Amino acid sequence: MNPKVKDIGEGIREMKIRGAGRIARAAAEALKVFAQNYKGGKDEFREEIKKVRDYLLSTRPTAVSLRNAIYYVLNRMRGESVEEMRESVIQSADEFIRLSLEAVEKIGRFGAERIRDGSTILTHCNSTAALAMIIQAHRDGKDIRVLNTETRPWLQGHITSRTLAKEGIDVTMIVDSAVRYFMRDVDIVIVGADTIASNGAVINKIGTSQIALVAHEARVPFIVAAETYKFSPETVIGRLVEIEERPADEIANPEDFPGVKFRNPVFDATPPEYIDAIITEKGVISPYLAYQIIKEVMHFGAES
Ligand code: RUB
């Protein structure tokens, strides 16, 4: 395996590159790097790129964006010569990355319109798409405040707090278990997504579904910001989304707790009945229209 490809893959596995959108763009970049550095014959090109595909797919299991990015590039691989195949891979990887960044920007613009002046927003984990909405609302001159969870065990909420503070946004970090305590002050919850199933269920960082329940109880709108490559075509045919379970030592040192078992699932599923809207780059949809989006962008997931 090309060491530069391996660097990207291990970066994803070790969560130096994280967040579903970033993971997707990094996977496209890895395929591009493979193509740029490939030196063998044309028959081996297809074989070798499949190995890169399988390696990248093995890095993290939950975010479908990784899979969709890989197939976006591979399904567009064309040509008879190494040069032609190389060019087509580079071109479609660049295209995926460009479309992905444009999607985040559009979500920011569409989503900001949903945020009222004077709002207190609650967000969880660290989602580029959710942050795009919040930052755009602030840049539009809206007076907003943000509560953000620290997001145990990996503490991605720290990145969110710092990003918002840097933008000059009024931000307060809270522990995950304080969400219900603060919900009475919240006007809108905005989170990202790793995968959206065809029934509209949203898979996102562990704890998202609890927040959705609390928001539902308090009648606070619960909004998901997600590019269309977060929708999972495989769920149409009944494939279940695999929930990543990470090592116990992210929670505590197991050696300090003899006789204690640990579980560390890092994503959960929020059912569509707790979701008011999903903001995509194609517009704002009800979670019940997830299947419609999958039909439109089916090419993202289909295997050639
Ligand atoms: C990150 C996470 C984010 C989504 C969406 O989990 O759950 O909410 O990936 O992020 P992890 P984005 O840190 O384990 O990858 O909007 O940036 O794609």
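Here I159 clears all of (1) under 24 Å from F267 (Cβ atoms); (2) touching a helix residue (DSSP H, G or I) at 6+ places or on another chain (Cβ under 7 Å) except the condition numbered (2).
Considering each of A30, A26, A103, A69 in turn, give the residue that is touching a strand residue (DSSP E or B) at 6+ places or on another chain (Cβ under 8 Å), part of a helix (DSSP H, G or I) and at pLDDT 95 or above.
Numbers: A30 fails: touching a strand residue (DSSP E or B) at 6+ places or on another chain (Cβ under 8 Å); A26 fails: touching a strand residue (DSSP E or B) at 6+ places or on another chain (Cβ under 8 Å); A69 fails: touching a strand residue (DSSP E or B) at 6+ places or on another chain (Cβ under 8 Å).
None of the other options fit; the residue is A103.
What's the number of the only condition in (1) surrounded by fewer than 16 Cβ atoms within 10 Å (Cβ to Cβ); (2) under 29 Å from E296 (Cβ atoms) that N253 fails to meet? Only one criterion is unmet by N253, namely (2).
With respect to I144, is the statement that it is more than 15 Å from the ligand (Cβ to nearest atom) and either crowded, with 19+ Cβ neighbours inside 10 Å or more than 21 Å from T280 (Cα to Cα) (or both) true?
Values: more than 15 Å from the ligand (Cβ to nearest atom): yes; either crowded, with 19+ Cβ neighbours inside 10 Å or more than 21 Å from T280 (Cα to Cα) (or both): yes.
When the stated conditions are applied, I144 passes them.
Given the residues E234, E303, E242, which is the only one that is in a loop (DSSP other than H, G, I, E, B), modelled with pLDDT under 95 and either of a type in the set (D, E) or farther than 23 Å from T59 by Cβ (or both)? Among E234, E303, E242, only E303 is in a loop (DSSP other than H, G, I, E, B), modelled with pLDDT under 95 and either of a type in the set (D, E) or farther than 23 Å from T59 by Cβ (or both).
Evaluating I23 against the criteria (1) in contact with a Gly (Cβ under 9 Å, 6 or more places away or on another chain); (2) within 15 Å of the ligand (Cβ to nearest atom); (3) of a type outside the set (S, T, N, Q) leaves one unmet condition, (1).
In segment 256-270, is there at least one residue being part of a helix (DSSP H, G or I) and either outside the structural domain of I12 (by TED's automatic domain parsing) or under 26 Å from A27 (Cβ atoms) (or both)? Write out each step before concluding.
The initial filter retains those residues of segment 256-270 that are part of a helix (DSSP H, G or I), namely 256.
Filter once more, keeping what is either outside the structural domain of I12 (by TED's automatic domain parsing) or under 26 Å from A27 (Cβ atoms) (or both): 256.
Looking for residues that are part of a helix (DSSP H, G or I) and either outside the structural domain of I12 (by TED's automatic domain parsing) or under 26 Å from A27 (Cβ atoms) (or both), one finds at least one in segment 256-270, hence yes.
The set of residues in segment 154-168 being over 20 Å from V224 (Cα atoms) and surrounded by 17 or more Cβ atoms within 10 Å (Cβ to Cβ) consists of W154 alone. Counting only residues that are within 21 Å of S177 (Cβ to Cβ) and over 20 Å from the mean Cα position of the chain (by Cα), which one in segment 220-248 is surrounded by the fewest Cβ atoms within 10 Å (Cβ to Cβ)? For segment 220-248, the residue satisfying everything is A248. Residues in segment 165-207 that are closer than 26 Å to E242 by Cβ and away from the ligand (no atom under 16 Å from the Cβ): 3 in all.
The values are calculated or read from the model by the stated rules, or taken from the named source; none is laboratory data. None of these values were measured; they are calculated from a predicted model. Here Cβ is always computed from backbone atoms with ideal geometry, including for glycine, and neighbour counts include all displayed protein chains.
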